[in-house]
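Everything on this sheet refers to the single structure shown next.
Just so it is clear, none of the values below were taken in a lab; they were calculated from the coordinates. It should be emphasised that the depicted structure is a prediction, and the values quoted were computed from it without experimental measurement. Please note: Cβ atoms are built from the backbone with ideal geometry, for glycine as well, and neighbour counts cover all protein chains shown.
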Amino acid sequence: MSGSGEREVAAILEECRVLVEDPTYPAVRRWREAHPGGKVLGHFQVYFPEEIPHAAGMLPVKIMGAGSTVQIRKADARIAAFVCSIIRSSLELALTGRLDFLSVFVTPPICDAARNACAVWVRNLPSLNSQVLYLPQNAASPHAAAYLRDEYRRIAGVVEEAVGRPITDDGLRRSIALYNENRRLLRDLYRVKRETPWLLSAVEAYTLVRAGGLMPREEHNVLLRRVLGLLPEREAKRQDKIRVVFEGGYCEQPPLDMLAVIQDACYIVDDDLLIGLRWLTGDVPTDGEPLASLARAYLDGSSYSPVQHDPRKPKPEMLLRRIRESHADAAIVAAPKMCEPGLEDQVNHIRALEAAGIPHLVLEFEEKMTVFEQMRMEVETFAESLLFDFA
Amino acid sequence: MTTKTPTIGSIRNESRRLLEQWWREMAAADHAGRPTAYVFVMGSLGELLRAFDLPVNCPEITSLQTAVRGASLQYLQAAEDSGYSPDICGYVKADVGLHLKDRQHPNGRIPKPALVIATNMCNTYVTWAEIWEQMYGCPVFVLDLPAWRGTRAGAGADGEALRNDRRYVEAQLRDLIALCEDLTGTAFDIDRLREAMAQVNRMAASYHAVLALNQHRPAPFSAIREGITFQGISNLYRGSPEGTRFFELAREEIQDRIRLGMGTLEEKYRLLLAGTTCYAALKRFAEMFEQWGGVFVHSTYMVFAGGGFAPGFAYDLARPIESLAETLLLSAWRGWSMPMFYAQDWLAETVREWSVDGICFHGVKSCRTTSTGLPDVREWLRTRCDIPGLFIQSDLVDPRLWSDAQLKNRIDAFIESLAGRRATAGR
Ligand code: SF4
Ligand code: SF4
């Protein structure tokens, strides 16, 4: 790659890194300056159909905790001690005014803690319209799609009220097309991770993906297209590293430094990091009834995570498939501390990996972790033992 | 001399008999390899399963009982040794331990699951059910009750959204009926469902009357001692004539206690419990308050775990399935919003109407469903309603999380502060 190409990639990555590490949501603030009176909708993990607020001219942003960038003070007085960090840090952001740009906050009831925490938002942030989007939990039911379409319609009503104008089907179709493009680009990015992981490190890929939840998706598309165009020319050599799938990043986010520790010893060739942004695995049709199409895609054309039960997608088998399809040698099955669904799924995953004879390393993390020496040793030992085995 | 009447003692005797009988049924089902349904206390659908003669196991209750019997630790450790984290729900782990120990419970042996019905009243129900799905390959039916919306104006959906929810729940119930037909080889008989629902109506009326009797001063029963018995029977015998009879008897006994002037003990402070107690230290938990004359007259637990019985709860027997769907939704809405997520209003009202002196908020590590926002609710009630509240933390079943001296200090100080308030108010 030419020096200017590499510089451009570096500049884009740096821009994304700033977004990821700045808890004041700078891209959102820039958007609001450029769109006076523009309204913002925040949504908590894991999946949210951003097309709905986007079609109304709102800016949807992902609320995904604050890593180690904020000190938790106010939230600790409101939430019991044994609740995961992302719930606390997200609330801390709101209680300290860092999310003062939000008109609407939506949380899907992904877990017991998130559902209960929504009431804390409601009580403490009276000027914010905090809502639960009730994504169906009987996902295999033949009636779930009709239910979900109507639930999307309800949320569309909340959005319409916030912006003061109706959402049209054509507007939704245009938004679906934009997000289809985004999802296609993310799939391309993951193809790079799978096929030529030496061209893009795990931290770089993650930063690029995560920035999408923090900026207008139009801009994210431009940036992804540019990076994807430049990557093949990157001068990077294939290294002798084991190929792993990282599982456990669907909700609370592992610190960048933790990913860095892993990437030093392994290629992360696939993962569930921020799986909500890639929840829909194919294009959503842009003809027909848009909300119905989004609902069907959520149920029938989607990935998997610990917070969805769907007998059509048994999670341990889905993990094995992810490993197979990415030609990984091993898996890192991580879970956030205090995360009930993640920690329970982890055991099922370990059993399945053992039964399939796939080497795996089990890790527990917290978004606010800052010390990784122990983890570095574990990862290195794991990777070395495998390299030795495979040699 | 107290006047003996035939009803005094009947709650204790009859509940013991019913629990023993339930364990015998479990053992018989296990022995005969009879298909058994595993259900959860919030949204158990006992009435529907009774229409198919399916024995019902409530794993939350069996987990709780391991702790009451002082045996939970060995089950928790077995689960942790097999890979389960110290940071997940202890009910799940006590149960996993039970299955790892060949389903041998201190009270008897439980049968394998042939069907699991998990409502989303607690998300952990679903992940817990997936563990049995992996262990036994049994079908898991997630009954989705999308009742909680978290708007400021009201906790549930209304208008078209409510109709949408109702259609969805009713359709799921019809699917579940088909699944039960398949599993048991028995055709669904709507009259049997109607019969069981009629029993639930009667049980609900008595259950509610029993709770309301505790408004009396002094309280005729302890919401945490007898309250647990009431939860157990209302869940295990939901929809059966025996369950109905138990609550009729309980009502009579409690009326007799009032007539005879029998309180639970000398009542100095009337308390309300937000959350659950600690079953691994059940007696001790109660004693720490009772030694100061602190009596729990009500608890949020009796609202959310009591089968969704609201005042005036009644199924419309002319349209059983529709009514079941509607009532499940409304009960879920009520169970989530009033005693859990939006507890502030219900608690404030109960404090007023039941002459409560203070609230104990007990956060349990096991249960994010009930505990996550408790500190916030306490703060809300303290600052806006001047209601004194104590926030303490331990667990449901894990004795390792019970810290006696620390809890005692906190509780003593709280009761002292209640005494101080009373002195200031010149009562
Ligand atoms: S990390 Fe786990 S417990 Fe925390 S909000 Fe996410 S799913 Fe819930
Ligand atoms: S999290 Fe709470 S409600 Fe859910 S199973 Fe555990 S104890 Fe029961």
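What is the extension gain from B:Ala423 to B:Asp316, computed as 0.36 nm multiplied by their sequence separation minus the C-alpha to C-alpha distance, in nm to one decimal? The partial results should precede the final answer.
Numbers: separation 107, 0.36 × 107 = 38.52 nm, distance 5.06 nm.
Taking 0.36 nm per residue and subtracting the Cα distance, the gain is 33.5 nm.
With K and R counted +1 and D and E -1, the other residues having a Cβ less than 11 Å from that of B:Met288 yield a net charge of 0. With R₀ fixed at 41 Å, the C-beta to C-beta distance from B:Ser82 to B:Asp189 puts the FRET efficiency at about 0.45. Residues whose amide H falls under 5 Å from that of A:Asp271, counting only those 5 or more places apart or on a different chain, are A:Phe246, with hydrogens built in the peptide plane. Residues whose amide H lies under 5 Å from that of B:Gln291, counting only those 5 or more places away or on a different chain, are absent; hydrogens are built 1.01 Å from N in the peptide plane.
In segment B:10-425, taking the dipole from charged Cβ atoms about the Cα centre, the farthest positive-side position among B:Ser63, B:Leu329, B:Pro35 is held by B:Ser63.
Only one residue of A:Asn129, A:Thr168, A:His349 has its Cα farthest out toward the positive end of the dipole of chain A, where Lys and Arg carry +1 and Asp and Glu -1 on Cβ, and that residue is A:Thr168. The local environment of A:Gln263, defined by Cβ-Cβ distances under 13 Å, has a net charge of -1 under the rule Lys, Arg +1 and Asp, Glu -1. Computed about the Cα centre, the dipole magnitude for segment B:10-425 is approximately 820 debye when only Lys and Arg (+1) and Asp and Glu (-1) carry charge, each at its Cβ.
Counting, for every residue in B:331-344, the Cβ atoms of other protein chains within 10 Å of its Cβ and taking the mean gives 2.
For A:Glu354 paired with B:Gln74, estimate the spin-label separation in nm (one decimal), with each label point 7 Å from Cα along the Cα-to-Cβ line. Label at A:Glu354, label at B:Gln74, 2.2 nm between them. Over the protein assembly as shown, dividing the summed -39,500 (n - 2.57) contributions of all DSSP H runs of at least 4 residues by the number of residues returns a 222 nm mean residue ellipticity of -17000 deg cm²/dmol.
The Cβ shell under 10 Å around A:Ala94 holds other residues with a net charge of 0, Lys and Arg each +1, Asp and Glu each -1. Couplings 3J(HN,Hα) for segment B:311-324, derived from phi with the Karplus relation 6.51 cos²θ - 1.76 cosθ + 1.60 (θ = phi - 60°), are x, x, 4, 7, 6, 8, 6, 6, 9, x, 5, 4, 5, 4 Hz, where x marks Gly and Pro. Whole-percent P(r), segment B:216-287, all Cα pairs, 5 Å bins from 0: 3, 14, 22, 21, 20, 16, 4, 0. Among A:Ile242, A:Ile86, A:Ile52, determine the one that fluctuates most according to a GNM of chain A built with springs between C-alpha atoms less than 10 Å apart. It is A:Ile242. Each of B:Asp404 and B:Asp345 was given a label point 7 Å from its Cα along the Cα-to-Cβ line. The distance between the two points is 4.3 nm. Only Lys, Arg, Asp and Glu carry charge here, each on its Cβ (+1 for the first two, -1 for the last two); on that basis segment A:1-137 has a dipole of about 520 debye about its Cα centre.
For each pair in A:Lys337/B:Lys365; B:Lys93/B:Lys365; A:Lys337/A:Lys368; A:Lys193/A:Lys237; A:Lys74/B:Lys408, compute the distance between the two Cα atoms and list the pairs where it is over 19 Å. Numbers along the way, then the final one.
Details: A:Lys337/B:Lys365 13 Å; B:Lys93/B:Lys365 13 Å; A:Lys337/A:Lys368 11 Å; A:Lys193/A:Lys237 14 Å; A:Lys74/B:Lys408 27 Å.
In this structure, A:Lys74/B:Lys408 lie more than 19 Å apart at Cα.
For segment A:278-292, putting each phi into the Karplus relation 6.51 cos²θ - 1.76 cosθ + 1.60 with θ = phi - 60° gives couplings of 10, 4, 7, 8, x, 6, 7, x, 9, 9, x, 7, x, 5, 5 Hz, in residue order, rounded to whole numbers and with x for Gly and Pro. Applying a DSSP loop filter and a limit of 13 other Cβ atoms within 10 Å to the GluC sites (Glu not before Pro) in segment A:235-282 leaves A:Glu235. Between B:Ala212 and B:Asp158, the modelled labels are 2.5 nm apart [label points 7 Å from Cα along Cα→Cβ]. Each residue of segment A:171-182 is assigned a 3J(HN,Hα), and the resulting list reads x, 4, 5, 5, 5, 4, 4, 4, 6, 4, 4, 4 Hz, derived from the Karplus form 6.51 cos²θ - 1.76 cosθ + 1.60 (θ = phi - 60°), x at Gly and Pro.
Beta bridges from DSSP with both residues in the protein assembly as shown: antiparallel share about 5 percent, rounded to the nearest 5. Exposure proxy ranking for A:Glu380, B:Glu25, based on other Cβ atoms within 10 angstrom of each Cβ and starting from the fewest, stands as A:Glu380, B:Glu25.
In this structure, the amide hydrogen of B:Asn57, modeled 1.01 Å from its nitrogen in the peptide plane, lies closer than 5 angstrom to those of B:Ala37, B:Tyr38, B:Val39, counting only residues at least 5 positions away or on a different chain.
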